[in-house]
1. Please work out if residue 94 is open to solvent by 60 Å² or more (accessible area, probe 1.4 Å) and either under 18 Å from residue 185 (Cα atoms) or touching a residue at least 40 places away in the same chain (Cβ under 8 Å) (or both).
2. Mind checking which residues of the range 111-159 are polar (S, T, N, Q) and surrounded by 24 or more Cβ atoms within 10 Å (Cβ to Cβ)?
3. Give just the number: which of (1) in contact with an Asp or Glu (Cβ under 9 Å, 6 or more places away or on another chain); (2) part of a helix (DSSP H, G or I) does residue 189 not satisfy?
4. Take the residues in the range 178-195 that are open to solvent by less than 20 Å² (accessible area, probe 1.4 Å) and at pLDDT 95 or above; name whichever of them is nearest to residue 157 (Cα to Cα).
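The values are calculated or read from the model by the stated rules, or taken from the named source; none is laboratory data. Computed from a prediction, not measured in an experiment: that's the story for all the values here. All Cβ positions, even for glycine, are placed from backbone atoms using ideal geometry, and neighbour counts span all protein chains on display. Keep in mind that these areas ignore ligands, DNA and RNA; they rest on the heavy atoms of the full protein, side chains included. Shrake-Rupley method; radii C 1.70, N 1.55, O 1.52, S 1.80 Å.
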Amino acid sequence: MENENLKNDPLFIGGHELHSRFILGSGKYSLKLIEAAVQYAGAEIITCAVRRANTKEHENILDYIPKSATLLPNTSGARNADEAVRIARLARELGCGDFVKIEIMRDTKYLLPDNYETVKATEILAKEGFVVMPYMYPDLNIARDLVNAGAAAVMPLASPIGSNRGLSTKDFIQILIDEIELPIIVDAGIGKPSEACAAMEMGAAAVMANTALATAGDLTRMATAFKKAIESGREAYLAGLGRVLVRGASASDPLTGFLRD
């Protein structure tokens, strides 16, 4: 049953209203994965790597994406700002809309984003009317530069792409959540529903995942688990988490009425 509280808690990205805070990332694609992400995880945004839209001679990923979903083309494969801009423009010409996720990586071992080139591409594409969602290594100064460049959201990595290692950069993501006014969408490395829940409890606006679902033993159950975890984390954040004691303890019952010898 749909959560009425969350139904009245929309996510706005670039002026677009969304009611799901789960985004399906690109990478390990199949028809079953997309169906599970939409039907069971509630995804309204589905990412697609433009350079890999045709994975087989007679197969196109775009054919699998329902018309009700918002397509988020990404610039995976770009090594600098110029290449990312070229891919984004191509995606728009192909009818993929104005949303674009900037991914620029020169590093082929760890697949870490090039923050400097990402800022350059964001500024160019934002001026051309794109809804730019840049993927970045969590750094407050770079995040501020992305805001100034016209980004619609900021997407820091949790851990290396496809690793399922969870919130390795948790403390740095929290800084972005606390200091940046734009939606912070935790991207890459989330491997478990509990990690997605933790990201939402921190105040993240949404979570993007792909590998965690694609490599799960039961895709449908995992998609359902991610939906519940993200919703639970959001509810907890809106409720306000209880305080944490750094030292000592605090009795949950009054320290009176002890039995006497």
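1. yes
2. Passing the criteria: 118, 122.
3. Every listed condition holds for residue 189 apart from (2).
4. In the first step, residues of the range 178-195 are kept if they are open to solvent by less than 20 Å² (accessible area, probe 1.4 Å); the result is 180, 184-191.
Still in the running and at pLDDT 95 or above: 180, 184-186.
Numbers: 180: 16, 184: 10, 185: 9, 186: 6 Å.
Only one residue tops the list, namely 186.
One line per residue, one yes/no per condition, for (1) over 15 Å from the mean Cα position of the chain (by Cα); (2) outside any helix (DSSP H, G or I):
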site	(1), (2)
133	no, yes
145	yes, no
172	yes, no
176	no, no
204	no, yes
